[in-house]
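Each reported figure results from applying straightforward, stated rules to the coordinates on display, with no laboratory input. The shown structure was predicted, so the numbers you read here are calculated from the model rather than taken from an experiment. For neighbour counting, all protein chains shown are included, and Cβ atoms are generated from backbone atoms with ideal geometry for every residue, glycine included.
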Amino acid sequence: MKGWLFQHIKVMQFTLRRLRTTPVASLLNIVVIGIALSLPTGGYILLQNVQQLSRQLVGTPQISVFLSMNASQDEIAAIGKQLQQHPVVARIEFVPREQALQQLQKSTGLSDVVGGLSQNPLPHAYIVYPKTSDAREQEKLRDELRTWPRLEHVQLDSEWARKLDALLKFGRLAVLILAALLSFALIAITFNTIRLQILTQRDEIEVAKLIGASNGFIRRPFLYFGLVQGLLGGAAAWLIIAISLALLNISLADMAQLYASNFSLHHLSIGDSLTLLVFSAYLGWLGALLSVAQHLWQIEPR
């Protein structure tokens, strides 16, 4: 066990020395990997922040039920009782037409215009809060309420959130496709880097095979090199995203003040950060493995 661990430590030290012997080339490869990984990761972060913002704006989903102008008090009370007893409804709020008119005056700033009306044009209304947060169930409840008598209009106030969810799903698919394409590109970068290393160390590999070195022993440094390069590329991507978000939040803070909001872009969570590093290291290892499998067997002692 100690011998196995010692061998891997020695290989890791050899890999780090190899990176230091070609600092410019290694740095360029790491930066390219970091930039490529930061693009889909940045898109993922943007979608996460937009989704969080939409939840803050939407809040608790609600359905506005506007009663007919000629509905009697008994009919209004009966509708309210029926809504309270509905199995999908969590609670309701009754908004008298007088209260609705006062809210309209305060929210629009058209108190002079509203005050000049000869009669109140607004109907009585109920605000219905569904128990479920599923958009389809909410739409099903809205469609059911539209069939009730004495209801003039029924509006699901979070309909735009469903459209936003559809856009977010499209964005996630686009980010996934971009991540897949760039992953193949990063594998190709590592594949080509390892291929060049194998060609430049052809004589050393031949000597190692002559003295009985196994294929596993020969390919181990190349696999470690690909893994470390991928890991450093993931760290570079994380750093690029962190700097970009810090710069964007500076500008976003000024804009958020105009809208009386404290919204800011959030960085990757600890779990997502670890996933990024592990995934980037895996891509580097996979590219090295494919390159070694493709080229190492072609080198035989003469």
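Counting only residues 5 or more places away or on other chains, whose amide H sits under 5 Å from the amide H of SER68 once H atoms are built in the peptide plane?
Hits under the 5 Å cutoff: LEU151, GLU152.
In what sequence, highest mean first, do 276-282, 189-195 appear when ranked by Cβ atoms within 10 angstrom?
Numbers: 276-282: 19.4, 189-195: 21.0.
Top of the packing list down: 189-195, 276-282.
Give, as a single signed number, the net charge of other residues whose beta carbon lies under 14 Å from the beta carbon of PHE66, with Lys and Arg counted +1 and Asp and Glu -1.
Residues near PHE66 contribute 0 overall.
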